[in-house]
Amino acid sequence: DRSPSAQSIALISLAGFPTLSGQDGFDAATKGTSLIKVTSGSTGGAKGISLTAKQLLAEARNIAVTLDLTPEDRIYAPVPIFHSYGFDLGVLAMLFSGAPLILEEIFVPRKILSRLTAPEITVFLGVPSMYRFLLEATPLNPPDLSRLRYALSCTAPLYPDLITAFHDTFNVPICQHYGSSETGAATTHIPQAVLDRPASVGVAMKNVTVLIVDEQGRELPAGQKGEVVVRSEAVAGGYAMGPVAESSPFTDGAFRMGDIGHLDADGFLYLHGRKDALINVGGLKVSPDEVTMVLESCPAVREAAVIGVRDAMGEEIVYAAVALRSALSEKELLAFCSSRLANYKVPRRLDIFEKLPRGPSGK
């Protein structure tokens with residue numbers, strides 16, 4: 001878009017990235033670039049990801065071929081299309097396959113359920129919190145949504161209990177999708193395999209390779225945990241702006257995701273949290289995802305978030321924020337955790353809120 005207003009917006013946006021030294025630096029960093037995705041990633045530091053037309057085309061093809069999309073499909077997206085999930089699986093998928101993209105600006109559970117019963121809707125782009133709210137808004141006679149080819153979920157962990165409950169209610173499996181702004185779509189679950197592997201985020205997309213490597217970058221066999229690496233023609237060439245790490249996660253069409261995971265014998269990927277998100281409690285490592293999953297398994301808890309914080313002595317402890325669907329005291333909730341977690345994993349601080357704050361992408 002060459003309009004003056006678009007150029008002004010671009011200049012204003014670029015003012016926040018001090019690593020670029022004037023227009024010459026920007027031109028050099030974005031040579032051959034067709035699109036820059038600005039993302040906070042998992043670290044909160046804004047970065048601009050440089051993508052060429054070839055990489056965008058590869059991403060669109062990978063999605064359309066993997067999901068077997070045709071012009072007869074209808075993609076329903078109540079997620080924002082300025083986020084990679086909505087842009088890649090919504091906009092790019094639409095442009096490559098010819099499948100119409102139906103947008104929903106405001107998420108109203110009963111309205112969404114009504115739209116999902118339409119026979120023409122074949123792909124739904126949701127996030128875990130949306131599926132949870134759809135369950136809570138279920139009418140006395142739940143609609144059968146089994147005509148959906150794909151009910152996808154991304155941006156946050158989707159726990160097996162929610163997958164099972166949603167399937168039992170609506171007769172449709174939720175397929176976890178995994179990827180990043182740097183790699184595009186990496187894995188997607190197979191509908192008929194979801195109930196047998198509800199903790200998995202699926203298998204590699206078409207034309208995508210997913211590896212598990214050790215600290216030295218050596219590939220690990222099935223069953224062993226290590227860092228997830230994604231390789232495909234859709235992987236970005238690097239960052240055009242934003243903070244630059246000492247060691248680049250990009251290597252010859254591959255990207256180190258920063259996630260810990262393992263592959264099973266059939267190539268299904270399982271995630272075990274972020275390398276940089278583990279909480280160090282007196283030298284013992286705690287996965288925030290594990291504690292979150294235990295908290296959300298409590299019938300009174302709607303959703304939870306867990307991070308590491310420092311106490312008055314400067315030691316790292318487990319902190320949890322929860323939103324409830326029914327009355328429960330902090331003491332009762334901590335007792336619930338104590339019966340299911342090792343003592344050092346039980347939250348030392350816990351706050352109860354009416355609801356947890358979320359970004360536009362559902363994170």
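The values are calculated or read from the model by the stated rules, or taken from the named source; none is laboratory data. Computed from a predicted structure; not experimentally measured. Don't worry about glycine lacking a Cβ; one is built from the backbone with ideal geometry, like all the others, and counts go over all protein chains shown. Heavy atoms of the whole protein, side chains included, go into the accessibility calculation; ligands, DNA and RNA do not. Shrake-Rupley method; radii C 1.70, N 1.55, O 1.52, S 1.80 Å.
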- Task: Give the relative contact order (percent, whole number) for the chain; include only Cα pairs under 8 Å separated by 6+ residues.
- Result: 13 percent
- Given backbone amide H placed at 1.01 Å from N, residues whose amide H is under 5 Å from that of Lys206, ignoring those fewer than 5 places away on the same chain, are Thr66
- Item | Cα-based reach from Lys111 at 28 Å (exclusive), listing lysines while leaving out same-chain residues under 8 positions away | Lys355, Lys363
- Task: Could you calculate the contour length gain from Ala53 to Glu105, that is, 0.36 nm times the residue separation minus the distance between their Cα atoms, to one decimal place in nm?
- Result: 15.9 nm
- Accessible area per residue of segment 303-346 at 1.4 Å probe, in Å²? 55 Å²
- Specify the inter-centroid distance of segment 68-118 and segment 130-201, based on alpha-carbon positions, in whole Å. 15 Å
- Query: Based solely on its DSSP helices, what 222 nm [θ] is calculated for the chain when runs of n ≥ 4 H residues each add -39,500 (n - 2.57) and the sum is averaged over all residues, nearest 500 deg cm²/dmol?
  - Reply: -6500 deg cm²/dmol
- Message: List the residues, sorted by chain then number, that are 5 or more residues from Ala254 or on another chain and whose placed amide H is less than 5 Å from its amide H.
- Response: none
- Message: For segment 212-363, what does the relative contact order come out to in percent, with C-alpha contacts under 8 Å and a separation of six or more?
- Response: 15 percent
- Roll a 1.4 angstrom probe over the protein heavy atoms and tell me the percent of accessible area of the chain that is carbon or sulfur. 55 percent
- Of all stretches in the chain that avoid GluC sites (Glu not before Pro) placed in a DSSP loop and having at most 14 other Cβ atoms within 10 Å, the longest is 121-214
